[in-house]
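Before any comments, here is the structure.
Values in this text are rule-based calculations from the coordinates and carry no lab data. This structure is a prediction, so every number in the text was calculated from the model and none was measured. Because the Cβ atoms are built from the backbone with ideal geometry, glycine has one as well, and the counts that use them run over all protein chains shown.
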Amino acid sequence: MRKILLPLLLLTATVTSAAARDLTLERVFQSPALSGPSPRLARLSPDGRLVTLLRNRPDEKERYDLWAIDAATGQARMLVDSKKIGSGAELSEEEKMRRERLRIAGTRGITDYAWAPDGKSILVPIDGDLYLATLDGNVRRLTATKETEIDPKVSEAGRYLSFLRNQNLFVLDLATGTEHPLTTDGGGTLSWGAAEFVAQEEMDRHTGYWWSPDDRYLAVARVDESPVQVVTRAAIGAEGTKLVEQRYPAAGTKNAIVDLYIMTPDGASKVKADLGPNPDQYLTRVDWTADGKAVLVQRMSRDQKTLDVLRIDPATGASTLLFSETSPTWVNLTENLRALKDGSLIWSSERSGFSHLYRWKAGKWTQLTRGEWAVDRVAGVDEKARRVYFTGTQETPIEPQLYWVSYDKPGKPMRVTEAGWSNGVTMDKAATHLLVTRSNPAQPQQTYLADASGRRLAWVEENRLGPDHPYAPYLDSHIQPVFGTLKGPDGSELHYRMLSPRREPGKRYPVFFYVYGGPHGQQVTRSWYGALPLQEYLAQHGWIVFTIDNRGTNRRGVKFESGIYHAAGTVEVEDQLAGVEWLKRQPFVDPARVAVMGWSYGGYMTLRLLEKAPGVFAAGAAVAPVTRWELYDTFYTERYLGNPATDPKPYKAGDTLNEASNIRDPLLVVHGMADDNVVFENTTSLIAKLQKEKHPFELMVYPGATHAIAGEGPQTHVWQTIVNFLDRTVKDKR
């Protein structure tokens, strides 16, 4: 493949237009976004007539309004203008942290919404209060309190509104407008209906309560954080330092105790679910059976090697073990459980070595998909046609597609979406319509409505690269990434992506080696990925931008992914170095001018690469790097490194401080001083070690900034700092 790709790259690198305009770093982060409109949370109305979505403003890319699009005509209209409702009140600290966990901390306006089941109204939370919008544009305020209402929901049958306030769960009767608390003892270390820290941050579970399909019951999590250690974190801002006391479950320490209760909406009944005798476990997923007669709970062991599926009787709380998944390393969580009306379950498992779909019925298993490729996510189940729709990577791991397979008579999966695109798909409950969000390296994200066969019915957001598109002035300078594979040290096939400047024959170019490398951190996809405009800027200004996915990343099967088990900073480093060695053999690469840069786990990888291979890179930039894994949380860290309370060796081997003295190349370290994800102590530990070792380095910190260092100004400054440093130490070096 290399022999074919490289001449193609030369061709695309030398053809240009006289009218080409190169990007500037400032323009990359300014409004309107270069990738065009980026709608969020596209959803179908219950009757399928409308598609709703949150659409950002051209002049304010972080502010979102609620829009509706007629599925038949494609006509779009704004339903709720975020600037016309809301009080502008300060959000509670709990809601701020919840948004941080959802990775929407920098967004403004409307951040979420929910359709009422009758399809006549939409629940809209804004500025801590709740509003009900009707389809004619009228908006009714439901709450007007000083407190923030969190995680609001319309019940499944549409009779109630529920939300969290002051760590308690409230229910509001939509017919009468009266509200009452279902719990009253929440406060301090006790909360009802909320997802605890590790559930939000690591399990992708952002709620702690679930309505039954018939509105008879709610399953509600009770979270007791009293066992969790209190960590004092300094949030250093521009106008002073705030000491934040946070209950943070660091690796090897105690977690919150999470119980599950089944309640009735009137508060008359409350029973505790039997989740077993061991409180040191995780409540990872909660679902209801289709008839509402049982709760399905996914319970994971502390070491994450066993995942049990329990059936809970809502009347008594009694539990029955349906089945278990086990692994010698860890079991990955998914959102792929679907409870069918006939009592059977759709389930995904990696028991074959790859993620595949199964049907469980009365204790018997039927495998629905198979092969050396991975199922990603169940999109919907059509129980009339007896089909499961899912995204997966049957053709290639770098291009997710939508497929369907019969769950009665499973055969070869049938692809629904168009080849040449990376696709994300949601469906209505009946699985009769699709909302497809797709992109490729030549086209930023598009969203369209389709029928179940994949036939496009209407554009939700065409985002066509026409003359009015924000990216239009730079199209003639656009560089198509080139994709390829190379062999890793263990013989694994490693996928890479490369953007190259418009090259001159015989000239050698510097390399911006972008690394992430962490678990579930696949970077190489055939898509218009978030960093593409930034990497286009780098390539247009003389850098070859190279990324490779190492062992430990997803969509490649259990063996490929589990290579990092108890071995952080080893196989990932080996595979990344294989990519560097391959690059340096290419005739267009200057082997003396290769820079490495990464953020978060990528910052950790940057440090490990500089430590393990001094002299291989001309310089490195590490942003928000993990330097001491024992500072990170239980669920994420123990999954890969085990429990340091019983076996600290993988932590000592994986930390960066032990080998920091090996760093010989120029280093820039960047960190937000209020980071509550990879806490700032990671960087202070590193710089203290480097100072003790008398090793020079450069440092840039951002007062008040969290992990993302969000905002147009800070983002521009971060990248100006990185680019200036690497230009000076690598690119302009002769």
Please report, to one decimal in angstroms, the Kirkwood hydrodynamic radius of segment 301-381 built from all distinct Cα-Cα pairs.
13.8 Å
Run the reach check for Lys559 against aspartates and glutamates, Cα to Cα strictly under 15 Å, same-chain hits fewer than 8 apart removed. What comes back?
Glu350, Glu372, Asp490, Glu493, Asp549, Glu572, Asp575
Where a ≥ b ≥ c are root eigenvalues of the Cα gyration tensor, a/c under 1.5 meaning rounded, otherwise prolate if a/b exceeds b/c and oblate otherwise, segment 215-267 counts as oblate
Shape category assigned to segment 215-316 from the gyration tensor of Cα positions, a/c cut at 1.5
prolate
Of Lys254/Lys694; Lys487/Lys584; Lys84/Lys120, which ones are farther than 27 Å apart at the Cα?
Lys254/Lys694
For Phe513, what charge total do you get from the other residues with a beta carbon under 11 Å from its beta carbon, if Lys and Arg give +1 and Asp and Glu give -1?
+2
Rounded to the nearest 20 Debye, what is the dipole magnitude of segment 591-734 about its Cα centre when Lys and Arg each give +1 and Asp and Glu each give -1 at the C-beta?
660 debye
Across segment 412-504, what fraction of all alpha-carbon pairs, as a whole percent, falls in each successive 5 Å bin from zero upward?
3, 11, 15, 17, 14, 14, 12, 9, 5, 1, 0, 0
Which one, Thr432, Val416, Phe163, is farthest towards the positive end of the dipole of the chain when Lys and Arg carry +1 and Asp and Glu -1 on their Cβ?
Val416
May I ask for the net charge around Glu335, where only other residues with Cβ less than 11 Å from the Cβ of Glu335 are counted and Lys, Arg are +1 while Asp, Glu are -1?
+1
List the aspartates and glutamates whose Cα lies under 20 Å from the Cα of Lys507, skipping any in the same chain that are fewer than 8 positions away.
Glu536, Glu581, Asp590, Asp727, Asp732
Over 23 Å (Cα to Cα) - which of Lys61/Lys153; Lys270/Lys429; Lys153/Lys361; Lys361/Lys412 fall in this group
Lys61/Lys153; Lys270/Lys429; Lys153/Lys361
Jot down the radius of gyration and Dmax of segment 337-419, Cα atoms only, both in angstrom.
12.0, 38
Sorted by average packing, counted as other Cβ atoms within 10 angstrom per residue and highest first, what order do 320-327, 174-181 take?
320-327, 174-181
What shape does segment 650-734 have by the C-alpha gyration tensor, where a ≥ b ≥ c are the square roots of the eigenvalues, rounded means a/c under 1.5, and otherwise prolate means a/b greater than b/c and oblate the rest?
oblate
Computed over the chain, Kirkwood Rh from alpha-carbon pairs, angstrom
27.2 Å
Tell me, what does the Kirkwood hydrodynamic radius of segment 493-600 come to in angstroms if you use every pair of distinct C-alpha atoms?
14.5 Å
Among Gln443, Tyr601, Ile544, whose Cα sits farthest toward the positive end of the charge dipole of the chain (+1 at Cβ of Lys/Arg, -1 at Cβ of Asp/Glu, about the Cα centre)?
Ile544
Per principal axis, largest first, the Cα atoms of segment 150-272 extend in Å by 48, 34, 26
To make sure I understand the rule: partners must be aspartates and glutamates, Cα under 20 Å from the Cα of Lys384, and not fewer than 8 residues away in the same chain. Which ones qualify?
Asp47, Asp291, Asp342, Asp408, Asp428, Asp451
Using the Cα centre as the reference, give the magnitude of the dipole from point charges on the C-beta atoms of the chain (Lys, Arg: +1; Asp, Glu: -1; all else neutral), rounded to the nearest 20 debye.
2000 debye
